[in-house]
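Trainee: The structure that follows is given in the form of structure tokens.
A short reminder: the numbers here are calculations on the coordinates, not readings from a lab. Not measured: the values here are computed from a predicted model. When we count neighbours, we look across all protein chains shown, and the Cβ atoms used for this are built from the backbone with ideal geometry, even at glycine.
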Amino acid sequence: MKLKKALDQAKAQREQQNPAPVPNPDKATDLSLGTNSTSEQDGIWKAPAYNRSAVTKLDPKIVEKNRGVCLTPDHKEIERYKILRTRITNIARERRMRTIMVTSPNKSEGKTVNCINMGLTFAKAMKQTVLLVDCDFNGQDIHRYLGIESKASLIDYFMDGVPLQDLIVWPGVEKLTLISGARTINESSELLSSNMMAKLVKEMGERYDDRYVFFDAPPVLGHAEAISLAPRMDGILMVVEAGKTTKTDVKESLALLPKEKFLGFLLNKQTA
């Protein structure tokens with residue numbers, strides 16, 4: 001009994017001298033997918049737990065209707081996304097490639113559905129996680145395309161100071177989380193070009209080595225938002241629609257984006 005009492009006193013003394021840290025909701029831990037995906041003790045990669053994210057299951061029927069082909073393994077289009085995933089991961093071995101912007105020259109050319117499919121494809125790879133971030137503040141679509149009810153988004157983070165951990169949603173897909181909501185604003189270029197956004201993108205990209213962050217950005221032409229966001233990214237993918245996007249629009253869009261960031265094109269609605 002004396003030994004147990006002595007051990008208890010020693011433990012209490014250690015805890016008093018080294019109290020457990022109190023989490024700060026305004027710090028970078030807000031960007032966590034849940035618990036850390038890497039064990040600090042044994043160095044073994046582990047899939048994250050989603051105890052810090054809101055859980056809202058996606059609707060497979062709505063995803064299928066919106067051409068979310070990478071949710072299930074029986075679509076032939078998946079191989080195209082896997083090829084692109086391999087190319088990007090190969091680039092990532094040579095230089096940092098964690099934050100990737102998906103855009104298009106014009107509206108309604110398929111950038112959002114391709115952003116989602118890229119996220120789903122990367123989430124299926126071994127030992128990495130994915131965060132989808134909706135940055136098209138004029139009309140956020142990621143949550144709608146997945147059949148998810150979500151009101152809060154990055155707009156609430158910028159405008160009202162809502163902590164990021166309150167914005168992150170887990171849609172029930174292993175290793176995939178997202179930020180997307182119903183709120184919109186007309187003028188968003190100031191937000192996307194701000195120092196606050198620059199710090200946020202940097203933190204998202206550097207917080208975990210096993211995470212890719214895909215940003216669904218506004219179209220390039222006729223808007224300043226994508227041009228403002230592009231320099232913050234590690235890489236840029238451009239979606240073009242077969243039979244709709246013109247060569248002139250492609251050339252004009254490329255001229256407005258940093259060449260060293262450009263990764264390639266995604267051809268939408270390919271028939272052959």
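Each row is one residue, and each column tells you yes or no for (1) part of a helix (DSSP H, G or I); (2) buried (at least 24 other Cβ atoms within 10 Å of the Cβ).
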{"site": "102", "(1), (2)": "no, yes"}
{"site": "112", "(1), (2)": "yes, yes"}
{"site": "115", "(1), (2)": "yes, yes"}
{"site": "119", "(1), (2)": "yes, yes"}
{"site": "125", "(1), (2)": "no, no"}
{"site": "132", "(1), (2)": "no, yes"}
{"site": "136", "(1), (2)": "no, yes"}
{"site": "139", "(1), (2)": "no, no"}
{"site": "147", "(1), (2)": "no, no"}
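Trainee: Further question on the same structure: Within the range 153-191, count every residue that is among the aliphatic types (A, V, I, L, M), assigned to a loop (DSSP other than H, G, I, E, B) and either over 19 Å from residue 119 (Cβ atoms) or touching a strand residue (DSSP E or B) at 6+ places or on another chain (Cβ under 7 Å) (or both). First the steps, then the outcome.
Mentor: Taking the range 153-191 and keeping what is among the aliphatic types (A, V, I, L, M), we get 154-155, 159, 162, 164, 167-169, 173, 176, 178-179, 182, 185, 191.
Add one more test, that the residue is assigned to a loop (DSSP other than H, G, I, E, B), and what stays is 162, 167-168, 173, 182, 185.
Subsequent filtering for residues that are either over 19 Å from residue 119 (Cβ atoms) or touching a strand residue (DSSP E or B) at 6+ places or on another chain (Cβ under 7 Å) (or both) retains 162, 167-168, 182, 185.
Looking only at that region, the number is 5.
Trainee: Right, here's the next one. Out of everything in the range 67-79 that is surrounded by fewer than 17 Cβ atoms within 10 Å (Cβ to Cβ) and under 16 Å from residue 269 (Cβ atoms), what residue ends up being nearest to the chain's Cα centre (by Cα)?
Mentor: 77
Trainee: Of the residues in the range 102-132, how many are among the β-branched types (Val, Ile, Thr) and either within 10 Å of residue 216 (Cβ to Cβ) or free of Cβ contacts under 8 Å to residues at least 12 places away in the same chain (or both)?
Mentor: To start, the set of residues in the range 102-132 that are among the β-branched types (Val, Ile, Thr) comprises 102-103, 112-113, 116, 121, 129-130.
The next check asks that each one be either within 10 Å of residue 216 (Cβ to Cβ) or free of Cβ contacts under 8 Å to residues at least 12 places away in the same chain (or both); those that pass are 102-103, 112-113, 116.
Adding up the residues that qualify gives 5.
Trainee: If you don't mind, there's one more thing I want to ask. Would it be correct to say that residue 172 is within 22 Å of residue 65 (Cβ to Cβ) and either among the aromatic types (Phe, Trp, Tyr) or in contact with a Ser or Thr (Cβ under 6 Å, 6 or more places away or on another chain) (or both)? Before you say what the answer is, go through the steps one by one.
Mentor: Numbers: within 22 Å of residue 65 (Cβ to Cβ): yes; either among the aromatic types (Phe, Trp, Tyr) or in contact with a Ser or Thr (Cβ under 6 Å, 6 or more places away or on another chain) (or both): no.
Spelling it out, it is not the case that residue 172 is within 22 Å of residue 65 (Cβ to Cβ) and either among the aromatic types (Phe, Trp, Tyr) or in contact with a Ser or Thr (Cβ under 6 Å, 6 or more places away or on another chain) (or both).
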